[in-house]
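A quick write-up on the structure given underneath.
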Amino acid sequence: MSGGRRPWRALLREDPGAVLRTYLVTDTALCGGRGVVDVVRRAVAGGAGVVQVREKGGGGAERAELVRAVVAAVGGRALVLVDDDVELAVACGADGAHVGQGDLAPRRARRLLGAHAVLGLSAGTAGEVDAAAALREDDGAPVVDYLGLGPVWATPTKPEATAPLGLAVLADLAARSHAAGLPCVAIGGVDLVRAPSVRAAGVDGACAVSALCAAPDPEAAAAALDAPVPGGAAA
């Protein structure tokens, strides 16, 4: 989040679909022997525009080492966020953070991140979307830059998640988010087969975990996920 980094928050506001379209959430176990950094590097080469480092295991030093390695590997070609740990994001030079409903309060997260970093927030109900939209800075700008809507389908990568939304509810929440001026992405069970229907629901981006981390060729998988939907939504 130093002055030399790309102005991701401004870029996201200008064209959220260009930034959020293909969004990788890392999973160390699924990356296997290749390691997270190699998968990230390949996925970004294939078109992933966002990398969220989600690492629940290991100690603080190991997690910091991983985030720094991802930031270095990406080299500004994609937006790098840290899941949950806002202080780690700041300390390791990530471009921002993503927090859940039970994590650090968004206003507190924004204060720690500063004005130029990107802040995402998970939401799975109309009430949570409305509450996020109501969070405003003194100048009227939103505290949160985008919403992660889900889970769309049940997923083994986050078994503690709430009940799946399904596509109809996803479409309703995406419309509600956009009406409030907040871009949104879909997460939870999204793969190459389901991605077109997710995009058709009106979100700005599709988040993938297994579809990229466990892919034999993460670059090709990211390119396929990032490809335009024939005759479909541009998101």
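Here are a few things to note about the model shown:
- Approximate spin-label separation Glu14-Asp217, in nm, with each point projected 7 Å along Cα-to-Cβ: 3.3 nm
- The slack in the chain from Asp138 to Arg107, taken as 0.36 nm per residue of separation less the alpha-carbon distance, amounts to 10.0 nm.
- The Ala179 and Ala61 beta-carbon pair, evaluated with R₀ = 41 Å, returns a calculated FRET efficiency of approximately 0.40.
- For segment 32-73: rounded, prolate or oblate by the Cα gyration tensor [a/c cutoff 1.5]: prolate
- Taking amide H as placed 1.01 Å from N in the peptide plane, Glu55 has its amide H under 5 Å from the amide H of Asp83, each at least 5 places away in sequence or on another chain.
- For Val118, the residues 5 or more places off, or on other chains, whose built amide H falls under 5 Å of its own are Gly96, Ala97.
- Model label sites at Ala168 and Asp38, defined 7 Å from Cα along the beta-carbon direction, differ in position by 4.5 nm.
- Working note: Debye formula, equal point scatterers on the alpha-carbon atoms of segment 53-199, no solvent; log10 I(q)/I(0) at q = 0.21 Å⁻¹ is -1.36.
- Karplus (6.51, -1.76, 1.60) ³J(HN,Hα), θ = phi - 60°, over segment 69-82, in Hz, Gly and Pro reported as x: 5, 5, 4, 5, 5, 6, x, x, 7, 8, 6, 10, 10, 10
- Interchain or long-range residues, amide H under 5 Å from Gly148's placed H: Leu121, Ser122, Ala123, Val185
- Charged neighbours of Ala220, selected by a Cβ distance under 13 Å, balance to -2 (K, R count +1; D, E count -1).
- Which of Gly100, Pro216, Ala45, positive extreme of dipole for the chain (C-beta unit charges): Ala45
Only the coordinates and a few stated rules stand behind these numbers; no lab work does. Because the structure is predicted, anything quoted here is derived from the model rather than measured. In this analysis, Cβ positions are derived from the backbone assuming ideal geometry, glycine residues included, and neighbour counts consider all displayed protein chains.
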